[in-house]
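This report refers to the structure that appears directly beneath it.
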Amino acid sequence: MNQEIKPQELLNNGYELVVAESPSNIALVKYWGKLKGQIPMNPSISYTLDKCKTTFEVYYKKLATPAESPIFYFEGLIANKFAGKTLKLIDTIASDFKELRNYHLVLNSRNSFPHSSGIASSASSMSALAFCLMDILEKSSDTNLVSYYARLGSGSACRSVFSPMASWGKIKNIENTSDKYATKISDKISTELRLVGDTIVLVHEGEKAVSSTDGHALMNSHHFRENRIKNAHKNYLSLINALELGDIDSWGQIIESEALELHAMMMTSDPAYLLMKPMTLEVIEKVRQIRKEHSVNTFFTLDAGPNVHILYPLSEKDVVIPLLKKFLSPLKMIHDQVGKGTKLIKSKKC
Ligand code: PMV
């Protein structure tokens, strides 16, 4: 087996290629806890990002009989031992679409952000992969189906398919919400809160002490479980309201409280754990100080990790970014913003 991917050799040997690109997303109301079959315990809403993305290339060759196992490369180098989620998603899709088993697949993925930056690559990679596989099966025009399978790869990945914002999780009496795939929300969002910047402050680069999978599982018997579910619903509805009204103060207040509540769940689970670092708290304090002293709308949120996402209306970007550089240097920062969602770069059809 080649240690390095050889694209030309594959193409010369009758393989064809599909390529998809998909961004990561940042949740405002957090998905935390899941039921069997990757069904979320509570609804969530996110912004789909732009620069932080995964590109997946899938070389495929149709055979007359079931193909050997797929081969997975990461940034062009063989990486089968890191291929767990990728191979699992291929298998899940192949059990619904048996014809996929007759395709030999050679996959190569790369992220636009640093490997150890703590930015969730599972959302971007699983949505990009789902899009490629659906394209091979000639079903990629059905974005709900792409989102459905992205979810089975990694829950939050289902939201990356849509932009500028996506909602995932069934809410009673709200049409167009589902536990099985995400839906786009944009129609009524005020422009100010649709065009948003996200500066990711890299507080700590490296592996998380507790994976999201284990964190979700701890919600099953969490003593705050019912309150968390209730509160997430309440925050979801209030956030939709704030987004529609362009109410920046309520938007920011909900975002910050959701981030802290997510980490409070971790700190009060059994066993308890902590993913924030001392520097996470220092950055949070700075964000609040900058907001107060410079009259800008900077608000923080956190994923399941120590890095801080600072959100602000893009109309304030030219003032906010210099302030962040001034107050947070020498910490590394990635300046991203709301982007366009999953995109096919090379489809089977062209
Ligand atoms: O998609 P997962 O299983 O990696 O879970 C992600 C959960 C959070 O990032 C903490 C919140 C969210 O809604 O994205």
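List of remarks:
- All positions within the range 179-211 that are crowded, with 19+ Cβ neighbours inside 10 Å and of a type in the set (S, T, Y): Y181, T183, T199
- Test: residue in the range 182-201 that is in a loop (DSSP other than H, G, I, E, B) and free of Cβ contacts under 8 Å to residues at least 24 places away in the same chain: yes
- Condition broken by P114, with the remaining ones in (1) modelled with pLDDT of 95 or more; (2) away from the ligand (no atom under 16 Å from the Cβ); (3) of a type outside the set (S, T, Y) satisfied: (1)
- Boolean, D214 is more than 16 Å from the chain's Cα centre (by Cα), over 23 Å from I310 (Cα atoms) and at pLDDT below 90: no
- Any hit, the range 80-95, residues being in a strand (DSSP E or B) and either in contact with a strand residue (DSSP E or B) (Cβ under 8 Å, 6 or more places away or on another chain) or farther than 30 Å from S250 by Cβ (or both): no
- Here E226, E175, E205 are screened, and the one residue that is away from the ligand (no atom under 14 Å from the Cβ), of a type in the set (D, E, K, R) and outside the structural domain of K325 (by TED's automatic domain parsing) is E175.
Residue-wise test of (1) within 16 Å of the ligand (Cβ to nearest atom); (2) in contact with an Asp or Glu (Cβ under 7 Å, 6 or more places away or on another chain); (3) within 19 Å of Y236 (Cβ to Cβ); (4) not basic (K, R).
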| residue | (1), (2), (3), (4) |
| --- | --- |
| L100 | no, no, no, yes |
| S124 | yes, no, no, yes |
| E138 | no, no, no, yes |
| Y149 | yes, no, no, yes |
| S156 | yes, no, yes, yes |
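- Scope the range 285-309; condition in a strand (DSSP E or B), within 16 Å of the ligand (Cβ to nearest atom) and not aliphatic (A, V, I, L, M); matching residues: F300, T301, H309
- Only a single item in (1) surrounded by 19 or more Cβ atoms within 10 Å (Cβ to Cβ); (2) part of a helix (DSSP H, G or I) is not met by N108, and it is number (2).
- Residues that are part of a helix (DSSP H, G or I) and either more than 30 Å from I78 (Cβ to Cβ) or in contact with a strand residue (DSSP E or B) (Cβ under 8 Å, 6 or more places away or on another chain) (or both) within the range 1-27 comprise P7, L10, L11, listed in sequence order.
- Residue in the range 206-229 that is of a type in the set (K, R), within 19 Å of G169 (Cβ to Cβ) and outside any loop (DSSP other than H, G, I, E, B) present: yes
- For the range 269-284, the criterion of a residue being in contact with a Ser or Thr (Cβ under 9 Å, 6 or more places away or on another chain), crowded, with 19+ Cβ neighbours inside 10 Å and of a type in the set (A, V, I, L, M) is satisfied by no position.
- Among residues of the range 28-51 being away from the ligand (no atom under 13 Å from the Cβ) and closer than 30 Å to G76 by Cβ, the one that is surrounded by the fewest Cβ atoms within 10 Å (Cβ to Cβ) is K51.
- Sole residue being hydrophobic (A, V, I, L, M, F, W, C), closer than 29 Å to D303 by Cα and away from the ligand (no atom under 14 Å from the Cβ), chosen from L133, L89, L105: L133
- Annotation note: Cβ proximity below 8 Å between a residue of the range 65-91 that is without any contact (Cβ under 8 Å) to a residue 40 or more places away in the chain and a residue that is of a type in the set (K, R) (sequence gap 6+ or interchain) occurs for P66/R101; A67/K61; A67/R101; F74/R110; E75/R110.
- F131 meets all of the listed conditions (1) in contact with a strand residue (DSSP E or B) (Cβ under 6 Å, 6 or more places away or on another chain); (2) surrounded by fewer than 20 Cβ atoms within 10 Å (Cβ to Cβ); (3) aromatic (F, W, Y) but one, namely (2).
- Among the residues of this structure, K61 does not count as one that is within 16 Å of the ligand (Cβ to nearest atom), basic (K, R), surrounded by 14 or more Cβ atoms within 10 Å (Cβ to Cβ) and in a strand (DSSP E or B).
The values are calculated or read from the model by the stated rules, or taken from the named source; none is laboratory data. Note that the coordinates shown come from a computational prediction; the quantities given were computed from them, not determined experimentally. Because the Cβ atoms are built from the backbone with ideal geometry, glycine has one as well, and the counts that use them run over all protein chains shown.
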